[in-house]
Amino acid sequence: MSPREDVERGDPVALMETVLDRKVMHRGKVRDTYELDDERLLMVATDRISAYDHVLPNGIPDRGKVLTQLSIYWFGQTHHFQENHLISGMVPDLPGNLVHQRDQLRARFMIVRKAKRVNIECVVRGYLAGSAWEEYKETGAVAGEKLPAGLQQSERLPVPLFTPATKALKGHDENITFAQMKRKVGKALAEKLRDASLELYKYAAEMAEKRGLILADTKFEFGTIGKKVILIDEALTPDSSRYWDAARYQVGGTPESYDKQFVRDWLSKSGWDRNSQPPRLPDEIVDQTRQRYLTAYHMVVGKPLFPPKERNE
Ligand SMILES: Nc1ncnc2c1ncn2[C@@H]1O[C@H](COP(=O)(O)OP(=O)(O)OP(=O)(O)O)[C@@H](O)[C@H]1O
Ligand SMILES: [Mg+2]
């Protein structure tokens, strides 16, 4: 792939392996993770975007920066009650051999403490959406927990629910009950992760509400370093969470999500079968989606990611 194609695809830092002289440790749909040494990882969010489990042929400029800066923002807002893996997202803290990559990496990387991942997706839901709505329609319960009858799609739940899932190596994560989680990781750790997840969710949902956003649900990952349990991965980004615009929220349907709505709508209309190679997103869809991400950042944080340049006139 030529560097030009990399940038198109949303991989502005795809050549880093040669610089770091270490292979990428993990390549997700969006992020590339490198091992800096035995204790530290470098996580780089590219501008790649996926929909219906496919990475699309072209990326959304600056998307990786929005995702990284939102994670960093939330790590900062929550570290007084929940320790996390972030060491730094600042350019001067990049290792010396990455100095020439700093312009590509700026704002889209995190240096983090390497942890032993707990293989559970810690999902918290405040509203009835996605797979929880499907489960409720069929069984009247979510994650094995009976809920009041007659709830509607996207309705606020009486209390936020912890609905864990296993992290599947391949394919889709599978929802499990809390009892199953306890059997997998032990009672004490299961309870600790449930309580930590609920506390994080409540704190973030309340902050988001003040900014005109509903945090419908979100997913956390935790890891251990020695005996310590810390929050890892990304946190409270549009990729790991459902944010809705509070002003447009209505029960009984699917509120527009803040991020990929234009992409999903366009893909549906394009006639793509969701199996073959996905089509290229047209420029206007890329632009509109980029704006959505920047707006999401602005709403959550309360200031723009790229402040308008001051004019010297
Ligand atoms: N501090 C950490 N220590 C160890 N592993 C971590 C840490 N933070 C995140 N991880 C792991 O690194 C990996 C990052 O992968 P990434 O999220 O980019 O892709 P993925 O989860 O495989 O797929 P997807 O793109 O669908 O999310 C995940 O497996 C995550 O659990
Ligand atoms: Mg992931």
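Remark: spin-label model distance residue 159-residue 247 equals 3.4 nm, labels positioned 7 Å along the Cα→Cβ axis. Taken about its Cα centre, the chain carries a charge dipole of roughly 600 debye when the Cβ of each Lys and Arg holds +1 and the Cβ of each Asp and Glu holds -1. Spacing of the modelled spin labels on residue 88 and residue 291, each 7 Å from Cα toward Cβ, amounts to 3.8 nm.
Put simply, when 63-75, 199-211 are sorted by average Cβ atoms within 10 angstrom per residue, most first, you get 63-75, 199-211.
In this structure, the residue pairs whose Cα-Cα separation is over 27 Å, taken from 116/184; 182/219; 114/309; 202/303; 146/260, are 114/309; 146/260.
Could you compute the FRET efficiency for residue 99 and residue 273, with r as their C-beta to C-beta distance and R0 at 45 Å, rounded to 0.05? E(calc), rounded to 0.05, equals 0.50.
Under 17 Å of direct C-alpha separation, and excluding same-chain neighbours fewer than eight residues apart, residue 192 reaches these aspartates and glutamates: 83, 121, 221.
If R0 is 25 Å, the Cβ-Cβ spacing of residue 39 and residue 191 corresponds to a FRET efficiency of close to 0.35.
Mean residue ellipticity at 222 nm, helices only, the chain: -10000 deg cm²/dmol; runs of at least 4 DSSP H residues each add -39,500 (n - 2.57), and the sum is divided by the number of residues.
Can you find, among 98, 212, 119, the residue sitting farthest towards the positive end of the charge dipole of the stretch 86-239, where Lys and Arg contribute +1 and Asp and Glu -1 at Cβ? The one lying farthest along the dipole's positive direction is 98.
What's the center-to-center distance, using Cα atoms, between the stretch 102-132 and the stretch 211-267 in Å? If you average the Cα positions of each part, the centres end up 10 Å apart.
Each label was represented as a point 7 Å from its Cα along the Cα-to-Cβ direction; for residue 177 and residue 8 these points are 5.2 nm apart.
We did not get these values from a lab; they are worked out from the coordinates using the rules stated. Everything numeric in this text was worked out from a predicted model, so none of it was measured. So basically every Cβ, Gly included, is an ideal-geometry build from the backbone, and we count neighbours across all protein chains shown.
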